[in-house]
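Okay, structure first, notes after.
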There are 2 protein chains.
Amino acid sequence: MSDTTTPSLPEEIAARLRDRITGGILRPGQHLSEAVLAADMQVSRNTLREVFRLLTREGLLTHLPNRGVSVAVPSMGAILDIYRVRRLIELPALANARPRHPAIARMSEAVDDARAAREAGDWQGVGSANMQFHAGIVALTDSPRLTAFFAQLTAELRLAFGLIDDAQELHAPFIETNQDLLHRLVAGDTQGAAEHLASYLDRSERLVLEAFARIEMR
Amino acid sequence: MSDTTTPSLPEEIAARLRDRITGGILRPGQHLSEAVLAADMQVSRNTLREVFRLLTREGLLTHLPNRGVSVAVPSMGAILDIYRVRRLIELPALANARPRHPAIARMSEAVDDARAAREAGDWQGVGSANMQFHAGIVALTDSPRLTAFFAQLTAELRLAFGLIDDAQELHAPFIETNQDLLHRLVAGDTQGAAEHLASYLDRSERLVLEAFARIEMR
DNA sequence: TCACATTTATTGTTCAACAATCCGCGCCGA
DNA sequence: TCGGCGCGGATTGTTGAACAATAAATGTGA
């Protein structure tokens, strides 16, 4: 945000690895060998270790002493916790929003992106756009700390999404919901928008938990 | 939390450095040389760099590419943001608390510790205990993510406290307030406790901002 | 089959080296 | 005198290799 310079190499590698994880290329539980991943990423082991620390603190990786790191496996407890925190943050953010806040443009963009991704059959993209939409909601608070914290939650949540096969059912139904929510917001009906969001979060959480339960039992 | 084994060396160094920063031994704005600090901490430069990444992400250090790290200097904007987030988290935490939650014991301990520290004239200790008290409030939510996030806010806030000379005036008046708040909580008056907390946060924020303004103008 | 020693692979940490970048200093010309 | 210019020197960024420490895998004997 305050740094316009190119992000340092470890940050860059962290971003790439983050994409691989949330993109589902690296499955939860999978062990990551320092040597092979360093060779794969074309960086030294030392640099990669810095990256590991970063992502571990973000909750994307799990570190066991002397046994290396592996992709974190989301638990039901984690999902419940994340949705609880989302409610705590997003609902007041929306309820107290100024109706002409710049972040609204980002939310509007996100809705468009989601539509485009749906047309293209890119369900992964729909998920990304949806998360962008909610990041916009948090941006309404103008709080850098909340924004950063939420980004972390988002990353962790996408880990869980990756486990669910039919991502289609997960995000697609909410595009129209988001559109509607956005309309209410620009119309100044923050209260109605917040109520809408509350029911969205309930439905989304249930969907994730159900899909998760189906998976955990095999 | 989940790790009962001894924390790895970088974590340990990070903790030590964190203490030095929040303890005021390292002043905000002070530049930290990798070479001398590595020698001082008796660790290699590589290990220290991992630590730097950690604390940078926590907001305690500022990293400028090719110019190394220095202790972060808190800004008024940061303080405002932190208190806003604190309200967002702490008020609902208290309002929705179960009156016999285990975290209440921690809060009670914190009050006692604060008293003991005040007797001993250890104002630094009063500050620590006060923060422990508020960490207890957050613990009422049973949310590991909120707890971790709050710990981060706390560390950053103590950075600002360190700049203020008379830490005495900063925390001491709130010992009785906390005690009172605790009584209301165990009595089941969560609403009253929350209102109490709200006024506490207002006063505390004002005190910090005023002291901060006095300092910034020289 | 089980318990135990041994080997092997991986991680944890250090060290030394070199490239890249920034900072201060002296030089030079106007 | 003053302001640009280039040049070292110091610090950071990154790498590679080395070795110790630990855990997993393997083999051995009863």
**Asked** In degrees between 0 and 90, to the nearest 10, how far off the longest principal axis of chain A does helix A:45-58 point, with axes built from Cα atoms?
**Response** 30
**Asked** How high is the FRET efficiency from B:Leu64 to A:Glu195, r the C-beta distance, R0 45 Å, rounded to 0.05?
**Response** 0.50
**Asked** Using the beta-carbon distance between B:Val36 and A:Glu109 and R0 = 60 Å, what value does 1/(1 + (r/R0)^6) give for FRET efficiency, to the nearest 0.05?
**Response** 0.80
**Item:** For B:Asn66, inter-copy label distances in nm, listed shortest first [label point 7 Å out on the Cα-Cβ vector]
**Value:** 4.3
**Label point 7 Å beyond Cα along the C-beta direction, distances from A:Ala187 to other copies (nm, shortest first)** = 4.6
**Item:** Charged-residue dipole, Cβ positions (Lys, Arg, Asp, Glu), the protein assembly as shown about Cα centre, Debye nearest 20
**Value:** 480
**Request:** Considering only B:Thr147, B:Thr22, B:Thr47, give the residue with the highest GNM mean-square fluctuation for chain B, with springs between Cα atoms whenever their separation is below 10 Å.
**Result:** B:Thr47
**Message:** Compute the angle between helix B:144-163 and the longest alpha-carbon principal axis of chain B, please, reported from 0 to 90 degrees and rounded to the nearest 10.
**Reply:** 70
**Request:** With only Lys, Arg, Asp and Glu charged, each at its Cβ (+1 for the first two, -1 for the last two), find how big the charge dipole of the stretch A:14-144 is about the Cα centre; round to the nearest 20 debye.
**Result:** 320
**Fill in**
At the level of C-alpha centres, the distance separating the stretch A:161-185 and the stretch B:140-168, in angstrom, is 35
**Item:** Label point 7 Å beyond Cα along the C-beta direction, distances from A:Arg206 to other copies (nm, shortest first)
**Value:** 4.6
**Positive dipole terminus of the stretch A:76-216, leading residue within A:Phe161, A:Met131, A:Pro144 (C-beta point charges)** = A:Pro144
**Request:** Could you work out how far the C-alpha centroid of the stretch B:109-128 sits from that of the stretch B:54-70, in angstrom?
**Result:** 31
**Prompt:** Remind me, what semi-axes does the stretch B:90-196 give for its equivalent ellipsoid, largest first in whole Å, using sqrt of 5 times each Cα gyration tensor eigenvalue?
**Reply:** 23, 16, 11
**Prompt:** In whole Å and largest first, what semi-axes does the C-alpha gyration tensor of chain A yield when each eigenvalue is scaled by 5 and square-rooted?
**Reply:** 31, 20, 16
**Request:** Note the angle between two axes, namely the Cα long axis of helix A:103-119 and the longest principal axis of the Cα atoms of chain A, as a number of degrees from 0 to 90, rounded to the nearest 10.
**Result:** 70
**Item:** Inter-probe distance in nm under a simple model that places probes 7 Å from Cα toward Cβ, at A:Gln124 and A:Ser8
**Value:** 2.9
**Request:** Would you please report the Å³ per residue occupied by the convex hull of the alpha carbon atoms in the protein assembly as shown?
**Result:** 169
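None of the figures in this text is laboratory data; all of them are computed from the coordinates on show. The shown structure was predicted, so the numbers you read here are calculated from the model rather than taken from an experiment. Because the Cβ atoms are built from the backbone with ideal geometry, glycine has one as well, and the counts that use them run over all protein chains shown.
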